[in-house]
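Just below is one structure, and these are the notes that go with it.
The values are calculated or read from the model by the stated rules, or taken from the named source; none is laboratory data. Model, not experiment: these values are computed from the prediction. Quick reminder, even Gly has a Cβ in these numbers, built from the backbone with ideal geometry, and neighbours come from all protein chains shown. With ligands, DNA and RNA removed, areas are computed over all heavy atoms of the protein, side chains included. Shrake-Rupley method; radii C 1.70, N 1.55, O 1.52, S 1.80 Å.
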Amino acid sequence: MQLTVWTYEGPPHVGAMRIATAMTDVHYVLHAPQGDTYADLLFTMIERRGERPPVTYTTFQARDLGGDTADLFQRAAHDAYERFKPAAMLVGASCTGELIQDDPAGLARALGLPIPVIPLELPSYQRKENWGAAETFYRLVRGLAGPHMPAPGTARPARKPGEPARCNILGPTALGFRHRDDVRAVTDLLSRLGVVVNVTAPWQASAADIARLGDADFNVVLYPEIAGQAAQWLKRAFGQPTVATVPIGVGATRDFVTEVARLAGVDPAPVLADAASRLPWYSRSVDSTYLTGKRVFVFGDATHAIAAARIASEELGFKVVGLGTYSHEQARDVREAAARLGLEALITDDYLEVEAACAELQPELVLGTQMERHIAKRLGIPCAVISAPVHVQDFPARYSPQMGFEGANVIFDSWVHPLMMGLEEHLLGMFRDDFEFNDGAGSSHLGHGTKHAAGRPAPVTDAVERAPVVAAMEAPVLVAERPIVLSWAPDAELELKKIPFFVRGKARRNTEKFAGERGISPITVETLYDAKAHFGR
């Protein structure tokens with residue numbers, strides 16, 4: 001176990017809570033001390049749910065440790081059943097509850113409750129949240145769908161002529177990054193293909209829904225971190241194939257449509273021809289071409305990090321300079337994706353390592369989690385959030401998916417706008433002194449004879465006082481075989497910072513080259529603009 005200020009994932013019992021909270025009639029009895037009830041706030045404050053998670057804590061205290069905590073657990077489980085009347089119950093222990101070594105599974109069995117009771121053994125000190133969610137969902141699927149499993153070797157019955165194909169959507173949970181909207185986007189895609197959704201799970205599924213997962217013809221796994229293990233079991237038990245493509249980005253969505261159509265036996269052409277995403281057009285537009293080749297650092301869970309790297313490199317023309325994940329269970333997939341980009345993947349759950357990599361690579365855009373948003377803010381780099389861990393802003397009231405063709409539009413907006421707005425600010429700064437661009441000037445499209453509006457202020461003048469004090473020492477530069485030491489005056493440094501981050505490095509290099517060739521030091525504001533005029537010719 002590692003003590004830290006920030007963490008990408010909570011303990012595995014938080015993952016189990018995400019599964020139980022996503023479902024409609026499953027209750028989770030958690031052997032935990034009073035302090036572990038903090039997890040409720042993740043759902044009520046961050047996800048802004050209107051009700052508490054369906055979790056009963058035993059809330060044992062220090063004085064209880066000298067008595068019978070097993071009896072405390074049994075009374076809590078019995079009372080939870082009597083009060084909530086769930087269709088199925090999960091039982092387990094939190095990281096602290098695990099230390100007192102009670103046996104929630106055996107204690108719950110001894111109660112003889114008339115509902116399925118799924119015991120969870122989640123090693124809190126070896127595993128984390130996503131693994132806990134995956135293990136919980138797998139146990140639920142085995143426990144509730146297992147009794148309906150056909151005998152080994154039984155062939156799947158063929159669909160009747162004219163009967164539409166049916167699929168399950170697996171993986172969306174409570175507290176997931178845009179899971180609610182992704183379900184809507186993917187359901188719409190499937191509907192346009194003529195595919196019927198048998199069950200979506202665990203999101204808003206009941207215990208009875210889990211029991212009939214085997215009725216579907218195939219499974220769509222939206223988040224392999226959560227549902228990959230359950231889908232593998234369903235394939236072995238019911239012979240259901242799995243759609244491997246996660247539809248994030250235009251290219252992946254087209255691949256997803258093609259793969260689903262093949263399994264469903266339908267024609268994908270009408271859906272592909274009616275692709276509504278404007279991302280391809282935007283990315284080819286003049287406004288976007290100057291973003292081509294921008295350096296991007298990507299970090300998140302495996303599903304979103306791999307998808308983001310693919311979109312950045314193949315659909316937006318960015319250059320991915322770093323790719324990593326905190327999901328150790330999916331590290332192999334991320335390493336393969338990084339290798340295709342000629343990179344070595346960063347696999348770590350230490351945010352300080354991520355920050356160091358980000359500072360070293362000096363990207364022009366960071367695509368990461370809320371953790372990377374803080375890191376990028378400190379480094380002065382724009383950032384777009386692409387993955388959990390999440391915060392309140394990742395649960396917008398509006399429809400805002402990441403998947404499907406509409407999801408591609410959302411991705412374009414959230415990634416490119418930070419860069420575009422930086423350019424707008426830069427232009428306003430650069431032209432604020434121009435005689436044509438000030439509040440006193442008339443509109444240029446109305447002609448040069450346009451009179452200035454009465455009462456408007458005079459053109460803004462530069463208030464920065466020129467201070468010829470040397471601000472920073474740079475490496476020696478050879479000028480006509482005579483080495484000089486370049487430096488920047490403070491006001492020139494301030495002027496340089498007004499240039500947007502994505503061209504600031506080039507502006508600095510060009511200015512220093514211009515000054516070095518002419519033996520100018522320190523570099524002043526005049527030198528900066530002389531260099532701009534020189535290279536702009």
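Remark: spin-label model distance Ala110-Arg332 equals 4.1 nm, labels positioned 7 Å along the Cα→Cβ axis. For segment 308-409, applying the loop criterion from DSSP together with a ceiling of 15 other beta carbons within 10 Å to the chymotrypsin sites (Phe, Trp or Tyr not before Pro) yields Tyr399.
Potential lengthening of the chain between Val485 and Lys319 amounts to 56.5 nm, from the contour at 0.36 nm per residue minus the alpha-carbon distance. Pairs of alpha carbons in segment 40-192 separated by more than 28 Å make up 37% of all such pairs. Checking the table Lys319/Lys506; Lys377/Lys506; Lys294/Lys513; Lys498/Lys532; Lys506/Lys532; Lys377/Lys532 against a 18 Å threshold on Cα-Cα, which pairs fail? Checking Cα-Cα distances, Lys377/Lys506; Lys294/Lys513; Lys377/Lys532 exceed 18 Å. Taking a ≥ b ≥ c as the square roots of the eigenvalues of the Cα gyration tensor of segment 233-354, is the shape rounded (a/c under 1.5), prolate (a/b larger than b/c) or oblate? It is oblate, given that a/c is not under 1.5 and a/b is not larger than b/c. Cβ-Cβ distance of Arg262 and Arg398, R₀ of 41 Å, FRET efficiency by 1/(1 + (r/R0)^6): the value works out to about 0.75.
Shown here: segment 1-61, whose C-alpha atoms stretch 35, 27, 17 Å along the first, second and third principal axes, sorted largest to smallest.
Shape class of segment 65-117 from the alpha-carbon gyration tensor: prolate, with a/c at 1.5 or above and a/b greater than b/c. Between Thr24 and Tyr125, the distance separating the two model label sites (each 7 Å from Cα on the Cα→Cβ line) works out to 4.1 nm.
In terms of Cα atoms, the Rg and Dmax of segment 329-384 work out to 11.7, 32 Å. Rg/Rh for segment 124-227 (Cα atoms only, Rh after Kirkwood) is 1.00.
FRET efficiency for the pair Thr154 and Arg83, taken as 1/(1 + (r/R0)^6) with r the Cβ-Cβ distance and R0 = 41 Å, rounds to 0.50. Here His417 sits with roughly 90 square angstrom of accessible surface, probe radius 1.4 Å. Here the spin labels are modelled as points 7 Å beyond Cα on the Cα-Cβ line, and at Leu379 and Thr37 they lie 4.1 nm apart. With every protein chain in place and a 1.4 angstrom probe, the accessible-area ranking of Thr200, Thr258, Thr173, largest first, reads Thr258, Thr200, Thr173. Between segment 521-537 and segment 358-402, the C-alpha centres lie 35 angstrom from each other. Rolling a 1.4 Å probe over the protein heavy atoms leaves Tyr57 with an accessible area of roughly 20 Å².
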